[in-house]
Amino acid sequence: MESGSSENALSRLGRRLNQRIQYFLDKSSPHVSARWICLLLALAGYVARVWYLRGFYIVSYGLGIYNLNLLLGFITPQFDPELEGPELPTKADEEFRPFVRRLPEFKFWYASIKSILLGTGMTFFSVFDVPVFWPILLLYWFVLFFVTMKRQIRHMIKHRYLPFTFGKKKYGKGPVAKDSK
């Protein structure tokens, strides 16, 4: 009987913890800048810890590859024009279709922050400190990054889309009409 009650108490605790986390995620949703600043602070903490320990390069490499994959999902359209239909409209009489990301901004941020926190947690266990020659990993990551970004930028140019917007367009004041009375 005791194991059933402890499982029940453990599941209640887990459920309450998940509710608390979801509450904070819901509260943070409209605060885009604050969320990204928190991510940068967590990343700086991770980098400082890896720098101080002089190790865990394979964890850092895995973190870099995972976040590169997330970035690709963020800047890639949900529907690939090559596979699923016509290009984006280029003329005034064509229908406007907004850019829809494969990975929305909030999910991109959430997956990134989770990965950084997991990577930071892994630095507390020496089993993850695999000895590697880190310059090779760094070089390989940069080659992978540039080749992948080159392919993605070519895709953006070919299908005429830009995955970033900088807010609503602001129009200048036109000529002011004078009353002719």
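Remarks
- When residues of region 4-38 are limited to those that are open to solvent by less than 100 Å² (accessible area, probe 1.4 Å) and outside any helix (DSSP H, G or I), the one nearest to Ile136 (Cα to Cα): Ser29
- The sole residue among Phe74, Phe79, Phe99, Phe106 that is modelled with pLDDT under 90, in contact with a Ser or Thr (Cβ under 8 Å, 6 or more places away or on another chain) and either farther than 23 Å from Asp129 by Cβ or in a helix (DSSP H, G or I) (or both) is Phe99.
- Matching residues in region 127-174 - criterion: being open to solvent by less than 100 Å² (accessible area, probe 1.4 Å), within 20 Å of Phe74 (Cα to Cα) and at pLDDT below 90: Gln152, Ile153, His155, Met156, His159, Tyr161, Pro163, Phe164, Gly167
- Each residue in region 116-128 was checked for being under 15 Å from Leu41 (Cβ atoms) and touching a helix residue (DSSP H, G or I) at 6+ places or on another chain (Cβ under 6 Å), and 3 of them qualify.
- Among the numbered conditions (1) over 14 Å from the mean Cα position of the chain (by Cα); (2) in a helix (DSSP H, G or I); (3) surrounded by fewer than 15 Cβ atoms within 10 Å (Cβ to Cβ), the only one that Ile58 does not meet is (3).
- Restricting attention to region 39-48, the residues that are touching a helix residue (DSSP H, G or I) at 6+ places or on another chain (Cβ under 7 Å) and open to solvent by 60 Å² or more (accessible area, probe 1.4 Å) add up to 1.
- Flag for Gly64 being touching a residue at least 40 places away in the same chain (Cβ under 8 Å), open to solvent by less than 40 Å² (accessible area, probe 1.4 Å) and under 29 Å from Val147 (Cβ atoms): yes
The values are calculated or read from the model by the stated rules, or taken from the named source; none is laboratory data. Because the structure is predicted, anything quoted here is derived from the model rather than measured. Here Cβ is always computed from backbone atoms with ideal geometry, including for glycine, and neighbour counts include all displayed protein chains. Just the protein is used for accessible areas: all its heavy atoms, side chains included, with ligands, DNA and RNA removed. Shrake-Rupley method; radii C 1.70, N 1.55, O 1.52, S 1.80 Å.
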